[in-house]
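Here is the structure we will look at.
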Amino acid sequence: MSPKSLLALAGLALAASAGLAAPLATDADAATYGCFKVTAAHLNIRARPYSTADVIGVARRGDILEKRYLFCTPRGFWCAVRKGSLEGYADKSNMRKVSCPQ
């Protein structure tokens, strides 16, 4: 693990122990950590956060994907997402943050 990642984890642990965790806005956000809207014509959903990983599904422009974890990968290129029962990783550059549908 990189020193930067260790520092980020230490900061999160310190904030949590001090009771500084931010409240979540809605029940939908609490369950998914937010949502993304697909901006590309199609977006491959991959089994792992790598461009060479197996494609396990595809999302189309306008599809809403649920964010599965609070943070994306350390470099921020890949985010864990859910589309229905399909769970995988998608390239963050082809999505934008939106409010989750109610």
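The values are calculated or read from the model by the stated rules, or taken from the named source; none is laboratory data. Just so it is clear, the structure is predicted and the values come from calculations on it, not from any experiment. Counting neighbours? That spans all protein chains shown, and the Cβs are built from the backbone with ideal geometry, glycine included.
Report, by residue number, each residue of the range 36-59 that is within 9 Å of MET95 (Cβ to Cβ) and hydrophobic (A, V, I, L, M, F, W, C). Give the steps one after another, and end with the answer.
At the first step, the residues of the range 36-59 found to be within 9 Å of MET95 (Cβ to Cβ) are 36-40, 43, 59.
The answer is PHE36, VAL38, ALA40, LEU43, ALA59.
Would you be able to say whether some residue in the range 18-41 is modelled with pLDDT under 50, polar (S, T, N, Q), more than 14 Å from the chain's Cα centre (by Cα) and exposed (fewer than 13 other Cβ atoms within 10 Å of the Cβ)? Full working, then the answer.
The first filter runs over the range 18-41 and keeps only residues modelled with pLDDT under 50, leaving 18-30.
Next, only the ones that are polar (S, T, N, Q) stay: 26.
Those still in the list that are more than 14 Å from the chain's Cα centre (by Cα) too: 26.
With exposed (fewer than 13 other Cβ atoms within 10 Å of the Cβ) added as a condition, the list becomes 26.
So far as the range 18-41 goes, yes, one or more of its residues are modelled with pLDDT under 50, polar (S, T, N, Q), more than 14 Å from the chain's Cα centre (by Cα) and exposed (fewer than 13 other Cβ atoms within 10 Å of the Cβ).
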Of everything in the range 72-90 that's without any contact (Cβ under 8 Å) to a residue 24 or more places away in the chain and farther than 19 Å from GLN102 by Cα, which residue is surrounded by the most Cβ atoms within 10 Å (Cβ to Cβ)?
-> CYS72
Can you tell me which of ARG46, ARG96 is under 14 Å from the mean Cα position of the chain (by Cα), loosely packed, with under 13 Cβ neighbours inside 10 Å and modelled with pLDDT of 95 or more?
-> ARG96
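Could you please find all residues in the range 65-83 being over 12 Å from LEU43 (Cβ atoms) and either modelled with pLDDT of 95 or more or in contact with a strand residue (DSSP E or B) (Cβ under 8 Å, 6 or more places away or on another chain) (or both)?
Start the filter on the range 65-83 by keeping residues that are over 12 Å from LEU43 (Cβ atoms), which leaves 66-77, 80, 82.
Correct list: GLU66, LYS67, ARG68, TYR69, CYS72, THR73, PHE77, ALA80, ARG82.
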Condition broken by PRO74, with the remaining ones in (1) in a strand (DSSP E or B); (2) in contact with a helix residue (DSSP H, G or I) (Cβ under 8 Å, 6 or more places away or on another chain) satisfied | (1)
Out of (1) within 12 Å of PHE36 (Cβ to Cβ); (2) among the small types (Gly, Ala, Ser); (3) surrounded by 14 or more Cβ atoms within 10 Å (Cβ to Cβ), the odd one out for GLY62 is which?
-> (3)
